[in-house]
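First up is the structure itself, then whatever we jot down about it.
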Amino acid sequence: MTTNPILAGLDLSHAYGQTPVLKHVTFEVQPGEVVAVMGPSGSGKSTLLHLLGGLLRPDSGEVWLDDQRFDNLKERQRSERRLARIGFVFQFGDLVPELTVVENIELPLRLLGTGPKAARSQALDMLGRLGIADQADKRLSAVSGGQAQRAAVARALVHQPAVVLADEPTGALDQATGELVLESLVTAAEQQGCAVVIVTHELSVASWAHRDVTLRDGVIVGDSELVGALR
């Protein structure tokens, strides 16, 4: 590592009941770096992402964000830090169906205290960058799956987080739409300097990353630089 990592999980272990899922995993990502986390189903990929994002607490080990311990904060403090510094993209978007597309994008900004006009302007700008500004005032039921997933990426990026955590973000998309989503995430890393961690089981998705970390049976079995990253 040439700089301090923006996000780090140190010696993380986690189990569901009596079943260990992660076993003493250490993972770091630097500002502006795109890392793909790969492995078969049940290898611990999503659990690692949830621990790094503060959605779960590790049974042992530590999570550090912005050079500060993150996992041991009280729930409200952890939620506030997560909202301000982390953006999430899940496989099926997890947008709020009662809101329009643009209202979904405005949501993190409004929660962070941005005024309504400024939030709307920033949300529309982000939708424009992702090529779906014309869908802004539609309900989610009226947009395609690919458009909804691009809206989820817009929501994750609109408040310029330090880290974006994406769990199978292209799993429900066709190839062309998936590449648009990946290009948006990679561009955010390049232009905004945010770190991007993408959980995937697809080599074609991992090829967009700087680095490929492979999990198997709850441990890291590979960590390598990728030659054609950020094409």
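The values are calculated or read from the model by the stated rules, or taken from the named source; none is laboratory data. Source: prediction; values computed, not measured. Cβ coordinates were reconstructed from backbone atoms using ideal geometry, including for glycine residues, and neighbour counts include every protein chain displayed.
Below is a table of values for the structure above.
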| quantity | calculated |
| --- | --- |
| Yes/no for R57 being surrounded by fewer than 20 Cβ atoms within 10 Å (Cβ to Cβ), in contact with a His (Cβ under 9 Å, 6 or more places away or on another chain) and free of Cβ contacts under 8 Å to residues at least 24 places away in the same chain | yes |
| Listing of strands (runs of 3 or more DSSP E) fully contained in the range 151-231 that carry 2 or more residues being modelled with pLDDT of 90 or more and closer than 25 Å to Q122 by Cβ | 163-167, 195-199 |
| Residue match in the range 42-53 (condition: in contact with a Phe, Trp or Tyr (Cβ under 9 Å, 6 or more places away or on another chain), within 17 Å of I6 (Cα to Cα), modelled with pLDDT of 95 or more and assigned to a loop (DSSP other than H, G, I, E, B)) | yes |
| Single residue of N104, N4 found to be buried (at least 23 other Cβ atoms within 10 Å of the Cβ) and not in a strand (DSSP E or B) | N104 |
| Check on G32, within 19 Å of V197 (Cα to Cα) and surrounded by 21 or more Cβ atoms within 10 Å (Cβ to Cβ) | no |
| The range 11-25 - residue that is among the β-branched types (V, I, T) and farther than 13 Å from V221 by Cβ and, of those, surrounded by the most Cβ atoms within 10 Å (Cβ to Cβ) | V21 |
| Top-ranked residue in the range 114-132 [being at pLDDT 95 or above and under 15 Å from Q147 (Cα atoms); ranked as surrounded by the most Cβ atoms within 10 Å (Cβ to Cβ)] | A123 |
| Qualifying residue in the range 76-94 (condition: among the β-branched types (V, I, T), assigned to a helix (DSSP H, G or I) and closer than 28 Å to V37 by Cβ) | no |
| Qualifying residue in the range 142-153 (condition: of a type in the set (D, E, K, R) and under 30 Å from T19 (Cβ atoms)) | no |
